[in-house]
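The values are calculated or read from the model by the stated rules, or taken from the named source; none is laboratory data. All figures in this text were calculated on a predicted structure; none of them were measured in a lab. Virtual Cβ from ideal backbone geometry, glycine too; neighbours counted across all protein chains shown.
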Ligand code: 3H9
């Protein structure tokens, strides 16, 4: 096997080049090659300096995640970096693309760093439930100071080359297109400099206050996660007067603990699940995509506006349609307000806001959609309304345009059937707020053409979404499972559990909110029959009394002006009334029973969805729940979580609650298999 590492001589500079597509991950062969390259330089008297650079789209993007959990082959990354740092000849890292994780650590082990202006440096290990375990937590604060090291390691967000230069992580910026030549010149320039600057030999100024302030400021954001605290502890160790060797020993101990835990396994599962979800099994690679140069959005309400923002931010012009001028003005006004608020926080330049608003064409006429390559309707959830709209679109849209519905539960095939081009019809279910939530559920109709599906899946990335394919079924993947959870929560309410207990248990599990809090946010009146005299459920009673949720300041909870919830005596009365009229046995529920009763039926429904082929793979379901509903990342999604609980235990729990168990779930549990 040829090595992904080669060396090239340029006078007295040895250039070590990695060519390990797609992202130059630091797998065993790369590590061995780097080690050999440094030894070659050290052992050759004619070499005065070394450059380490990468071919392809990026500098090393980190350790090879696919190797995690397997026996280590060859030298470990920490050892290789120590060898680089110990080299008696100056070593320059030449950075382009993204120097991430272990890649950033390699750069920190080098004596000098030169980067192109577009490069980014980061330590995203925390997003995999880990920490920079090849010396990164100790070298980073030594080079960049405690505050930036905390920020980079505990949030995992990368920084620009310019910021890295200001912070002392990068010594010099290269020309965007002349990295190799500039790195060579830099290496020649520093070849004779002594002493050689080594990060491990520097000291860190103690900054206990910065550490404490950072912990406090981020406590909410890091709630439930193990890795941020471990990253902070390592940086704290570096600034506590510990020697480099002591810091490294501490880092190793923390890294090993995280690597062996369920959270990191869950987060690594998500890393691959997210990328896998983009792949549609039966669509050949290389399928010709339809060009999407202009998007039409019908409806300028919360959803339509949010959907439009995604495309505008990606530089794709949008034509937005409403039925009345006032609604159109309100919708476009909200988009502008949102962008301006983001600009005030520094996310956009004012001129970017103007450019995006300039790319938005508001109109009252559907006819103006005739130039659009993709048209997404986000109107009222009613099949007759949707059918009428699709009939009109069929007459207006240009040939080859993709016609999409943002429906969250209606049948795409019925909409497709009213058009003369069912192959061009697809579901694009965005999650509210549509400019923020990362999930895009792409609903594949019975006749959706492969290139239409492939085009929409490919479009997800530039608009910052993670796309998952769903088949046509009521509620698709996400809402279909959600309704199981809601049913279970409602049933427990009737038997004696309080909304606040159920919500609390799910929030403690890691969900952003529980089912009743979610009901108040979405609107208790959503899908309500609107007949105040027809009271068939607790929800009907709430809706009939104007308890529509946060928007009316009362729903399952009472709300103050700041939307803080408190339990409502009126709701308790309504619930009590329903309980007293039912012949259900009253009981109390433990937190564990509530978790099992609400979450196991979701897993059960997930198994049915999988068995029916509505989802391509269990990990797609996990992606839906993490990016669409805020399922805690560190629990890896409902199907991954079920594996960690044990499928036999899930089945036993469902049996105990008289829930019919999905055949696939029972089969897997009996066979000792996992999803
Ligand atoms: C680490 O470094 C630990 C050390 O501190 C300690 C060690 C002791 N390994 O994302 P893309 C694959 S932990 C293996 O679509 P992009 C990816 O699965 C690591 N494979 O491209 C995909 O495969 P496929 C810390 C990897 O251009 C393909 O490459 N580093 C790795 O949108 C393309 O990926 C990170 O966490 C990897 N490290 O984005 C960085 N990275 O085509 C993780 C990617 O089969 N990587 N693949 O689906 C990224 O953030 C993005 O991939 C990157 C490129 C920004 C680099």
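Quick grid of which residues meet (1) touching a residue at least 60 places away in the same chain (Cβ under 8 Å); (2) farther than 22 Å from residue 284 by Cβ:
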| position | (1), (2) |
| --- | --- |
| 417 | no, yes |
| 451 | yes, no |
| 460 | yes, no |
| 465 | yes, yes |
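Filtered by the rule that a residue be in contact with a helix residue (DSSP H, G or I) (Cβ under 6 Å, 6 or more places away or on another chain) and within 15 Å of the ligand (Cβ to nearest atom), region 30-46 gives 31, 34, 35.
Condition check: loosely packed, with under 13 Cβ neighbours inside 10 Å and part of a helix (DSSP H, G or I). Does residue 265 satisfy that? Before the answer, list the steps.
Details: loosely packed, with under 13 Cβ neighbours inside 10 Å: no; part of a helix (DSSP H, G or I): yes.
Against the criterion (loosely packed, with under 13 Cβ neighbours inside 10 Å and part of a helix (DSSP H, G or I)), residue 265 does not qualify.
In contact with a strand residue (DSSP E or B) (Cβ under 7 Å, 6 or more places away or on another chain) and part of a strand (DSSP E or B) - does that describe any residue in region 364-375? Yes, because at least one residue in region 364-375 is in contact with a strand residue (DSSP E or B) (Cβ under 7 Å, 6 or more places away or on another chain) and part of a strand (DSSP E or B). If the requirement is being over 28 Å from the mean Cα position of the chain (by Cα) and surrounded by 15 or more Cβ atoms within 10 Å (Cβ to Cβ), which of these qualifies: 410, 393? Going through 410, 393 in turn, the sole match is 393. Just one of (1) free of Cβ contacts under 8 Å to residues at least 40 places away in the same chain; (2) away from the ligand (no atom under 13 Å from the Cβ); (3) crowded, with 18+ Cβ neighbours inside 10 Å fails for residue 15. It is (1).
Identification of helices (runs of 4 or more DSSP H) wholly contained in region 513-630 with 1 or more residues that are without any contact (Cβ under 8 Å) to a residue 12 or more places away in the chain yields 515-522, 569-581, 591-611. Checked against (1) more than 25 Å from residue 397 (Cα to Cα); (2) assigned by TED's automatic domain parsing to the domain that holds residue 454, residue 328 meets all criteria but (1).
Entry remark, region 463-503: residues being part of a helix (DSSP H, G or I) and touching a strand residue (DSSP E or B) at 6+ places or on another chain (Cβ under 7 Å) number 2 in total.
Answer yes if at least one residue in region 21-29 is in the same structural domain as residue 191 (by TED's automatic domain parsing), within 14 Å of the ligand (Cβ to nearest atom) and assigned to a helix (DSSP H, G or I), and no otherwise. Talk me through it step by step, then tell me what you get.
We begin by selecting, within region 21-29, every residue in the same structural domain as residue 191 (by TED's automatic domain parsing); these are 21-29.
Next cut, within 14 Å of the ligand (Cβ to nearest atom) only: 21-29.
Remaining after also requiring assigned to a helix (DSSP H, G or I): 28-29.
The answer is yes, given that some residue of region 21-29 is in the same structural domain as residue 191 (by TED's automatic domain parsing), within 14 Å of the ligand (Cβ to nearest atom) and assigned to a helix (DSSP H, G or I).
Within region 117-124, one or more residues are more than 10 Å from the ligand (Cβ to nearest atom), at pLDDT 95 or above, assigned to a strand (DSSP E or B) and under 30 Å from residue 39 (Cβ atoms). Residues of region 330-351 that are surrounded by fewer than 19 Cβ atoms within 10 Å (Cβ to Cβ) and touching a residue at least 12 places away in the same chain (Cβ under 8 Å): 330, 334, 336, 338, 340. For region 520-540, a residue qualifies if it is under 15 Å from residue 499 (Cα atoms) and within 24 Å of the chain's Cα centre (by Cα), and exactly one does: 521.
Just wondering, is there one or more residues in region 133-152 that are part of a loop (DSSP other than H, G, I, E, B) and either more than 13 Å from the ligand (Cβ to nearest atom) or not assigned by TED's automatic domain parsing to the domain that holds residue 38 (or both)? Talk me through it step by step, then tell me what you get.
Filtering region 133-152 for residues part of a loop (DSSP other than H, G, I, E, B) gives 133-135, 145.
In the following step, the residues that additionally are either more than 13 Å from the ligand (Cβ to nearest atom) or not assigned by TED's automatic domain parsing to the domain that holds residue 38 (or both) were identified as 145.
Looking through region 133-152, at least one residue is part of a loop (DSSP other than H, G, I, E, B) and either more than 13 Å from the ligand (Cβ to nearest atom) or not assigned by TED's automatic domain parsing to the domain that holds residue 38 (or both).
Taking the criterion of being assigned to a helix (DSSP H, G or I) and at positive phi, no residue of region 300-318 qualifies.
Only one of the numbered conditions (1) under 20 Å from the mean Cα position of the chain (by Cα); (2) surrounded by 14 or more Cβ atoms within 10 Å (Cβ to Cβ); (3) within 16 Å of the ligand (Cβ to nearest atom); (4) outside the structural domain of residue 67 (by TED's automatic domain parsing) is violated by residue 307, and that is (3).
Looking at region 153-170 only, could you name the residues that are assigned to a loop (DSSP other than H, G, I, E, B) and either out of contact with any strand residue (DSSP E or B) (no Cβ under 9 Å at 6 or more places or on another chain) or touching a residue at least 40 places away in the same chain (Cβ under 8 Å) (or both)? Can you show your working first?
First pass over region 153-170, keeping only residues assigned to a loop (DSSP other than H, G, I, E, B): 156-158, 168-170.
Scanning region 153-170 gives 158, 168, 169, 170.
Okay, residues lined up against (1) closer than 15 Å to residue 133 by Cα; (2) assigned by TED's automatic domain parsing to the domain that holds residue 79; (3) out of contact with any strand residue (DSSP E or B) (no Cβ under 9 Å at 6 or more places or on another chain):
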| position | (1), (2), (3) |
| --- | --- |
| 213 | no, yes, yes |
| 216 | no, yes, yes |
| 233 | yes, yes, yes |
| 239 | no, yes, yes |
| 244 | yes, yes, yes |
| 255 | yes, yes, yes |
| 269 | no, no, yes |
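With a requirement of 2 or more residues that are within 8 Å of the ligand (Cβ to nearest atom), more than 22 Å from residue 191 (Cβ to Cβ) and under 29 Å from the mean Cα position of the chain (by Cα), the strands (runs of 3 or more DSSP E) lying completely within region 47-112 that satisfy it span 98-100.
Against the definition (in contact with a strand residue (DSSP E or B) (Cβ under 8 Å, 6 or more places away or on another chain), crowded, with 24+ Cβ neighbours inside 10 Å, touching a residue at least 12 places away in the same chain (Cβ under 8 Å) and within 23 Å of residue 31 (Cβ to Cβ)), how does residue 136 come out, yes or no?
Values: in contact with a strand residue (DSSP E or B) (Cβ under 8 Å, 6 or more places away or on another chain): no; crowded, with 24+ Cβ neighbours inside 10 Å: yes; touching a residue at least 12 places away in the same chain (Cβ under 8 Å): yes; within 23 Å of residue 31 (Cβ to Cβ): yes.
Considered against the rule, which asks whether it is in contact with a strand residue (DSSP E or B) (Cβ under 8 Å, 6 or more places away or on another chain), crowded, with 24+ Cβ neighbours inside 10 Å, touching a residue at least 12 places away in the same chain (Cβ under 8 Å) and within 23 Å of residue 31 (Cβ to Cβ), residue 136 comes out as no.
Considering (1) touching a helix residue (DSSP H, G or I) at 6+ places or on another chain (Cβ under 6 Å); (2) surrounded by fewer than 20 Cβ atoms within 10 Å (Cβ to Cβ); (3) assigned to a loop (DSSP other than H, G, I, E, B), the lone condition that residue 437 does not fulfil carries the number (1). Scanning region 450-461 for residues that are surrounded by 19 or more Cβ atoms within 10 Å (Cβ to Cβ) and either touching a strand residue (DSSP E or B) at 6+ places or on another chain (Cβ under 7 Å) or more than 23 Å from residue 621 (Cβ to Cβ) (or both) yields 452, 453, 455, 456, 457, 460.
Among the residues of region 235-252, those identified as exposed (fewer than 15 other Cβ atoms within 10 Å of the Cβ) and in a helix (DSSP H, G or I) are 245, 246, 249.
Look through 228, 195 and report the one residue that is without any contact (Cβ under 8 Å) to a residue 24 or more places away in the chain and either part of a loop (DSSP other than H, G, I, E, B) or more than 24 Å from residue 80 (Cβ to Cβ) (or both).
Details: 228 fails: without any contact (Cβ under 8 Å) to a residue 24 or more places away in the chain.
Result: 195 is the single residue among 228, 195 that is without any contact (Cβ under 8 Å) to a residue 24 or more places away in the chain and either part of a loop (DSSP other than H, G, I, E, B) or more than 24 Å from residue 80 (Cβ to Cβ) (or both).
Kindly indicate which of 527, 514 is crowded, with 18+ Cβ neighbours inside 10 Å and closer than 26 Å to residue 441 by Cα. Break it down stepwise before answering.
Numbers: 527 fails: crowded, with 18+ Cβ neighbours inside 10 Å.
Exactly one residue qualifies, and that residue is 514.
For region 544-567, what are the residues that are closer than 19 Å to residue 380 by Cα and surrounded by 18 or more Cβ atoms within 10 Å (Cβ to Cβ)? Passing the criteria: only 548.
Number of residues in region 319-355 that are within 25 Å of the chain's Cα centre (by Cα) and not in a helix (DSSP H, G or I): the value is 5.
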